[in-house]
Amino acid sequence: MTDYAQHYADQGYVVFEDLIPENFIDSVLEELARAKASRRFVYYSQSVHRWISPRISEGGFLVDSFENPTWHINLPALRKAAMRILFHPKVSDALTDITGTTHFVSWQDMLFDRSIGTIDHQDSWYLDTMPHGRLIAGWFALEDIHPDSGPFFVYPGSHKLPRVSEKEFPDHKDFLAQIKRIRDESGIQKKSMPLRKGSVLFWHPNTIHGADSVIDEQYSRKSLTSHYFPVGTLRKDNPDLSDDLRRLKPTENARMFRIPMPELSWVMKGHVHYWKDRLLRDRDPIMNMNREANQI
């Protein structure tokens, strides 16, 4: 077992310093700035789970995060730049160091310009494998993260606490309340992760984690996130493994594949400005992850 794998097994997370080349990161930042300057900019938000026009904070940053920027075909340059990072060979190497396996699937990614103040949660309630626990999430720092920007945090060792099941707690608010209860009763302590640009934090799907709210609005918290699992592993929301294997899409990295996201691929076909009003009207928010929206 590698040192990285041992730390991951013991603590439920591990950090790889300076994993992503700076020029790859700068490409994402340049394309994000270009998208924000466009009058036709519309995107699907992970923080509120619907299509939105951008809301800009007083510091000039996107208030709401992207869901699946690698599937936003209306933003091809940003999409390609994000893919170069999330599917980078060094990411595969890191995942191999943790798991001992060599080929992986990337499943649901996100892009953050600013911290959304994400509520404490376990990923396994939303995404996981069968059996549970083979999913590995990665958080990619696209800049030096300032302590007042609302950093990502983890509760070391919390992956050894009980998993809060979506079957036992199907209501999202009940799930969050149960997370709070087991967190408080266990006495585990939060660890803030103000990582350096290019560093990546990987964590277990049962590890309790989230992000603090912004303290000083002058600071962005530019970052990417993706979730990975070994090829040939069953996803809990798709009992047909053969169907998953047929649908895997290759990337430029021969050891990395991804799951198609037909919703984003379909809805962005054609002209964005034609669909914009319909998109913003017809999508309802579900499972808001913002800390301010969940009074628990």
So which of Arg114, Arg134 is more than 14 Å from Lys236 (Cβ to Cβ), touching a strand residue (DSSP E or B) at 6+ places or on another chain (Cβ under 9 Å) and among the basic types (Lys, Arg)?
Arg114
Of the conditions (1) closer than 30 Å to Glu17 by Cβ; (2) surrounded by fewer than 21 Cβ atoms within 10 Å (Cβ to Cβ); (3) at pLDDT 90 or above, Ile259 satisfies every one except a single condition; which number is it?
(3)
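Quick grid of which residues meet (1) surrounded by 21 or more Cβ atoms within 10 Å (Cβ to Cβ); (2) without any contact (Cβ under 8 Å) to a residue 12 or more places away in the chain; (3) of a type in the set (D, E, K, R):
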{"site": "Ala9", "(1), (2), (3)": "no, yes, no"}
{"site": "Tyr13", "(1), (2), (3)": "yes, no, no"}
{"site": "Ile20", "(1), (2), (3)": "yes, no, no"}
{"site": "Leu29", "(1), (2), (3)": "no, no, no"}
{"site": "Leu32", "(1), (2), (3)": "yes, no, no"}
{"site": "Arg39", "(1), (2), (3)": "no, yes, yes"}
Confirm whether Phe41 is of a type in the set (Phe, Trp, Tyr) and part of a helix (DSSP H, G or I).
no
Positions within the range 55-99 being assigned to a helix (DSSP H, G or I), acidic (Asp, Glu) and touching a residue at least 24 places away in the same chain (Cβ under 8 Å), in sequence order
Asp97
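Rundown of residues vs (1) charged (D, E, K, R); (2) more than 26 Å from Phe104 (Cα to Cα); (3) out of contact with any Asp or Glu (no Cβ under 9 Å at 6 or more places or on another chain), yes/no style:
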| position | (1), (2), (3) |
| --- | --- |
| Arg163 | yes, no, no |
| Leu176 | no, yes, no |
| Asp184 | yes, yes, yes |
| Leu201 | no, no, yes |
| Thr207 | no, no, no |
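Residues are listed down the side, and each one gets a yes or a no for (1) touching a residue at least 12 places away in the same chain (Cβ under 8 Å); (2) over 24 Å from Phe112 (Cα atoms):
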residue: Ala137; (1), (2): yes, no
residue: Arg163; (1), (2): yes, yes
residue: Leu176; (1), (2): yes, no
residue: Asp184; (1), (2): no, yes
residue: Lys190; (1), (2): yes, no
residue: Asn206; (1), (2): yes, no
residue: Leu224; (1), (2): yes, no
Taking the range 75-131 and keeping residues farther than 30 Å from Arg181 by Cα and among the aliphatic types (A, V, I, L, M) leaves Leu75, Ala77, Leu78, Ala81, Ala82, Met83, Ile85, Leu86, Val91, Ala94, Leu95, Val105
Residue by residue through the range 49-90, note down the ones that are aliphatic (A, V, I, L, M), over 18 Å from Gly117 (Cβ atoms) and touching a strand residue (DSSP E or B) at 6+ places or on another chain (Cβ under 7 Å).
Ala82, Ile85, Leu86
Tell me the residue from Ser192, Ser223 that is surrounded by fewer than 18 Cβ atoms within 10 Å (Cβ to Cβ), among the polar types (S, T, N, Q), touching a strand residue (DSSP E or B) at 6+ places or on another chain (Cβ under 9 Å) and under 29 Å from Leu142 (Cβ atoms), please.
Ser192
Would the range 73-81 turn up any residue that is modelled with pLDDT of 95 or more, within 22 Å of Ser199 (Cβ to Cβ) and of a type in the set (D, E, K, R)?
no
Here is a list of conditions, (1) within 22 Å of Ile20 (Cβ to Cβ); (2) modelled with pLDDT of 95 or more, and Trp107 meets all of them except one; can you say which number that is?
(2)
So which of Trp107, Trp139, Trp125 ends up being touching a Phe, Trp or Tyr at 6+ places or on another chain (Cβ under 9 Å), buried (at least 18 other Cβ atoms within 10 Å of the Cβ) and within 19 Å of Glu252 (Cα to Cα)?
Trp107
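The values are calculated or read from the model by the stated rules, or taken from the named source; none is laboratory data. Since the model is a prediction, treat every value here as computed from it, not as a measurement. Methodologically, a virtual Cβ is constructed for each residue, glycine included, from the backbone with ideal geometry; neighbour enumeration extends over all protein chains shown.
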